[in-house]
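Undergrad: Below is one structure. I have some questions about it.
The values are calculated or read from the model by the stated rules, or taken from the named source; none is laboratory data. It should be emphasised that the depicted structure is a prediction, and the values quoted were computed from it without experimental measurement. Cβ placement follows ideal geometry from the backbone for every residue including glycine, while neighbour counts extend to all protein chains displayed. When the accessible area is computed, the model is the full protein with side chains, heavy atoms only, and any ligands, DNA or RNA have been set aside. Shrake-Rupley method; radii C 1.70, N 1.55, O 1.52, S 1.80 Å.
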Amino acid sequence: MTDVLRSSPTAAQRGPRQRLLARLWRHRGLYLMLLPGLLWFALFRYWPLWNAQIAFKDFQPVQGVLHSPWVGLSNFTQFFQSYYFTQLMTNTLVISFAKLLIGLPPAIILALAIHESSRKGLARVTQTVTYLPHFLSWVIVFGILLAMLSPGSGLVNKALVAAGGDPVSFLTDPGAFRAVVIFSDIWKETGWSAILFLAALIGISPSLYEAAEVDGATRWQRIRHISLPGMLDVIVLVTLLRLGHILDAGFYQIYVLYSLPVYSVADVIDTWVYRQGIQNFQFSLATAVGLFKGLIGLLMIVVANRVARRFAGQGLY
Amino acid sequence: MTRTRHDRTFDRSVNAFLIAVLLITLIPLIYVLAVSITPLGRTPSLLPTAASLAAYAELLKQPALIRALGNSVFLTLSGVLISMILTVCTAYPLSRPDLPGRKFLTGVILFTFLFNAGLIPLYLVIRDLHLLNTYWALLLHGAVSVYNLLVMKNFFQNLPESLEEAAKIDGATDLQVLWHIVLPLSKPILLTIGLFYAVTQWNSFFEPVLYLSDARMMPLPVVLRDILTGLNSAEYVESAATTTAPPDALKMAAVVLTTIPMLLVYPWIQRYFTSGTLSGGVKG
């Protein structure tokens with residue numbers, strides 16, 4: 001034992017180590033290039049993870065992250081036992097699942113329609129135009145929604161009145177707000193989500209369609225038996241990816257669209273964290289809630305990835 | 001190939017569907033434009049019978065709005081520059097298959113994509129670095145997107161390796177290989193990712209509210225939000241009450257003005273991003 005420890009490294013042991021050092025030295029240019037990026041990740045992604053310990057502390061700004069007193073899980077239990085816990089979880093999950101269930105079919109149908117269209121020009125124009133809203137910020141979409149939905153001059157309300165109904169104040173009516181959130185999300189993102197499905201369709205071998213045509217399959221049958229199965233992997237993948245973010249619910253969208261009258265149906269975890277944490281200075285409580293959300297998200301993604309590898313043959317990462 | 005009556009009906013319904021989708025996408029945008037040019041005292045309609053640019057003239061007279069526009073342009077340009085330098089310089093080394101430790105480093109980066117500490121811990125970092133109420137907070141807090149980074153890394157990996165090897169044999173440094181050989185071959189992905197970063201920075205409205213306190217530093221989306229919610233809109237409609245533009249027209253003119261830069265850049269980069277994102281791989 002002592003002999004081994006004392007003896008100098010043999011030639012065989014020195015070899016790989018020196019080779020490694022030589023390899024590291026040979027790539028010094030690349031490592032130097034990596035430095036700013038790694039420094040960025042250390043500062044803006046890993047330092048926050050260190051700061052997250054205040055979820056288990058009673059954070060006092062004067063004492064700082066490290067010296068604030070530990071309080072165990074009390075921030076978490078305070079959140080789980082509070083009256084708003086159920087409301088926040090309900091809002092978050094309802095909005096998220098509705099976006100997924102109501103939002104996915106239009107993207108799939110749009111991709112199929114663009115793929116099947118006999119007018120390539122029309123298909124291309126539709127594709128380009130439907131991408132566009134993805135690049136508009138939620139503030140701009142908020143402006144558009146005001147134009148469409150305002151009780152006085154909004155186009156939708158004009159149509160409602162013309163059809164004999166009463167105008168609805170969509171953005172401040174708790175009964176209508178979630179529908180606005182879901183449908184504005186569909187308007188904004190359908191074209192963009194269709195890209196992935198379209199890519200899957202383009203990847204399907206044309207010989208399959210030709211063979212089906214020879215066999216006398218109708219266009220509907222070709223969609224059902226060739227196109228849809230060909231997209232299945234991507235559909236599963238997209239669904240799982242979105243399940244991984246099921247507690248996100250679209251913070252920016254809700255932050256800009258919601259207002260006091262609709263908090264009861266619109267307040268989601270992230271909007272609550274912002275109000276409690278930043279506006280009410282409850283740093284520890286808000287961090288605990290954020291951490292809870294992050295852990296659920298991580299769990300969902302890991303499980304989703306397992307399932308994706310199993311059923312779709314490829315994982316998300 | 002014979003076309004049956006069934007096929008023709010199918011074709012017609014598919015094309016009718018596409019036209020319906022086009023209309024649903026475009027009508028809200030057209031209506032915003034229509035409201036913005038509706039003269040005072042008239043109710044807006046989808047196809048206005050009279051037009052007035054009074055709302056635009058009113059907005060462009062506001063120094064606060066012009067300043068916000070300048071802030072946004074500055075933030076977007078410098079944000080894209082910083083993001084692209086960081087992303088390219090991280091993605092390229094990680095795309096070299098023979099770099100020792102590349103798997104570990106990729107894992108370190110990927111982990112931040114799967115799990116992050118949330119809003120408050122990052123806010124504390126920005127505060128402790130004394131970046132609150134500086135533009136550095138906006139330029140740095142989200143400077144690297146892991147998704148963009150991985151797409152770019154995959155793109156670099158798929159480039160033919162022989163070109164780089166030849167340059168290395170001729171004595172080129174890694175930086176020279178990146179600059180003279182890899183980047184010129186990567187135009188589609190650089191434009192695509194650059195556009196993504198630009199859009200994120202141009203559209204950002206929450207982070208400025210979070211990190212900045214000086215009203216004069218706010219970018220355009222924050223000012224637009226204030227106009228739309230009527231928060232500080234008095235500032236912008238002061239003279240409007242006595243002269244021309246109705247508030248609705250003014251609001252929508254502000255929406256249009258914020259959208260225009262996007263519409264100008266969009267068409268000539270748009271053709272790259274399908275090829276760019278898809279060749280980068282769905283896997284992310």
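Undergrad: What do you reckon, is B:A143 touching a Gly at 6+ places or on another chain (Cβ under 9 Å), on the phi < 0 side of the Ramachandran plot and either without any contact (Cβ under 8 Å) to a residue 60 or more places away in the chain or small (G, A, S) (or both)? Can you show your working first?
TA: Numbers: touching a Gly at 6+ places or on another chain (Cβ under 9 Å): yes; on the phi < 0 side of the Ramachandran plot: yes; either without any contact (Cβ under 8 Å) to a residue 60 or more places away in the chain or small (G, A, S) (or both): yes.
The answer is yes for B:A143.
Undergrad: Another question about this same structure. How about region A:205-227: which of its residues are out of contact with any Ser or Thr (no Cβ under 9 Å at 6 or more places or on another chain), polar (S, T, N, Q) and within 14 Å of chain B (Cβ to nearest Cβ)?
TA: Those that are out of contact with any Ser or Thr (no Cβ under 9 Å at 6 or more places or on another chain), polar (S, T, N, Q) and within 14 Å of chain B (Cβ to nearest Cβ): A:Q221, A:S227.
Undergrad: OK, next. Tell me which residues, restricted to region B:25-46, are among the β-branched types (V, I, T) and more than 7 Å from chain A (Cβ to nearest Cβ).
TA: Kept after step one, since they are among the β-branched types (V, I, T), are these residues of region B:25-46: B:25, B:27, B:30, B:32, B:35, B:37-38, B:43.
Passing the criteria: B:I27, B:I30, B:I37, B:T38.
Undergrad: Report, by residue number, each residue of region A:267-317 that is at pLDDT 90 or above, in a loop (DSSP other than H, G, I, E, B) and open to solvent by 20 Å² or more (accessible area, probe 1.4 Å).
TA: Hits for region A:267-317 are A:N280, A:F281, A:Q282.
Undergrad: With the requirement that a residue be open to solvent by less than 60 Å² (accessible area, probe 1.4 Å), closer than 16 Å to A:V94 by Cα and hydrophobic (A, V, I, L, M, F, W, C), what does region A:158-196 give you?
TA: A:A176, A:F177, A:A179, A:V180, A:V181, A:I182, A:I186
Undergrad: Which residues, taken from region B:111-130, are facing another protein chain (nearest Cβ under 7 Å), open to solvent by 10 Å² or more (accessible area, probe 1.4 Å) and not in a helix (DSSP H, G or I)?
TA: B:F115, B:N116, B:G118
Undergrad: Inside region B:162-214, can you point out the residues that are in contact with a helix residue (DSSP H, G or I) (Cβ under 8 Å, 6 or more places away or on another chain) and under 23 Å from B:H130 (Cα atoms)?
TA: B:Q201, B:S204, B:F205, B:F206, B:E207, B:P208, B:V209, B:L210, B:Y211, B:L212
Undergrad: Would you mind finding the one in A:Q60, A:Q18, A:Q87 that is outside any helix (DSSP H, G or I) and open to solvent by 60 Å² or more (accessible area, probe 1.4 Å)?
TA: Answer to the check: A:Q60.
Undergrad: Please determine whether any residue of region A:64-76 is away from every other protein chain (no Cβ under 14 Å) and assigned to a helix (DSSP H, G or I). Break it down stepwise before answering.
TA: The first filter runs over region A:64-76 and keeps only residues away from every other protein chain (no Cβ under 14 Å), leaving A:69-74.
Next, from what is left, pick out any that are assigned to a helix (DSSP H, G or I): A:74.
Checked against the condition, which is being away from every other protein chain (no Cβ under 14 Å) and assigned to a helix (DSSP H, G or I), region A:64-76 yields at least one hit.
Undergrad: For region B:1-104, give me every one of the helices (runs of 4 or more DSSP H) that falls completely inside it and has 2 or more residues that are exposed (fewer than 13 other Cβ atoms within 10 Å of the Cβ) and among the charged types (D, E, K, R). Show your work before the answer.
TA: On the way: elements: B:5-36, B:54-60, B:63-95.
By residue number, B:5-36.
Undergrad: Report yes if A:A199 is closer than 30 Å to A:L93 by Cα and open to solvent by 40 Å² or more (accessible area, probe 1.4 Å), otherwise no.
TA: Numbers: closer than 30 Å to A:L93 by Cα: yes; open to solvent by 40 Å² or more (accessible area, probe 1.4 Å): no.
No, not satisfied.
Undergrad: Residues of region A:138-179 being under 26 Å from the mean Cα position of the chain (by Cα), within 11 Å of chain B (Cβ to nearest Cβ) and without any contact (Cβ under 8 Å) to a residue 40 or more places away in the chain, which ones?
TA: Step one: list which residues in region A:138-179 are under 26 Å from the mean Cα position of the chain (by Cα), which gives A:138-146, A:170-172, A:174-179.
Going one step further and asking which of them are within 11 Å of chain B (Cβ to nearest Cβ), we end up with A:138-146, A:171.
Matches in region A:138-179: A:I140, A:G143, A:I144, A:L146.
Undergrad: Among (1) touching a Pro at 6+ places or on another chain (Cβ under 6 Å); (2) at positive phi, there is one condition B:G101 misses while meeting the rest; what is its number?
TA: (1)
Undergrad: Among the numbered conditions (1) within 24 Å of the chain's Cα centre (by Cα); (2) open to solvent by 60 Å² or more (accessible area, probe 1.4 Å); (3) under 25 Å from A:Y255 (Cα atoms), tell me where A:Q78 comes up short.
TA: Here A:Q78 clears every test but (1).
Undergrad: Now for a different question. Filter region B:177-212 for residues that are charged (D, E, K, R) and either open to solvent by less than 30 Å² (accessible area, probe 1.4 Å) or within 15 Å of the chain's Cα centre (by Cα) (or both) and give the result.
TA: Result: B:E207, single match.
Undergrad: What tally of residues in region A:202-216 results from selecting those that are without any contact (Cβ under 8 Å) to a residue 60 or more places away in the chain and either in contact with a Lys or Arg (Cβ under 9 Å, 6 or more places away or on another chain) or open to solvent by 60 Å² or more (accessible area, probe 1.4 Å) (or both)?
TA: Let us first name the residues in region A:202-216 that are without any contact (Cβ under 8 Å) to a residue 60 or more places away in the chain, namely A:203-216.
After this cut, where a residue has to be either in contact with a Lys or Arg (Cβ under 9 Å, 6 or more places away or on another chain) or open to solvent by 60 Å² or more (accessible area, probe 1.4 Å) (or both) as well, the list is A:203, A:206-210, A:212-215.
Residues flagged as without any contact (Cβ under 8 Å) to a residue 60 or more places away in the chain and either in contact with a Lys or Arg (Cβ under 9 Å, 6 or more places away or on another chain) or open to solvent by 60 Å² or more (accessible area, probe 1.4 Å) (or both) within region A:202-216 amount to 10.
Undergrad: Among the residues of region A:222-234, is there at least one that is closer than 28 Å to A:S137 by Cβ and either among the polar types (S, T, N, Q) or open to solvent by 20 Å² or more (accessible area, probe 1.4 Å) (or both)? Please lay out each step first, then the result.
TA: Kept after step one, since they are closer than 28 Å to A:S137 by Cβ, are these residues of region A:222-234: A:234.
Remaining after also requiring either among the polar types (S, T, N, Q) or open to solvent by 20 Å² or more (accessible area, probe 1.4 Å) (or both): A:234.
Yes, region A:222-234 has at least one match.
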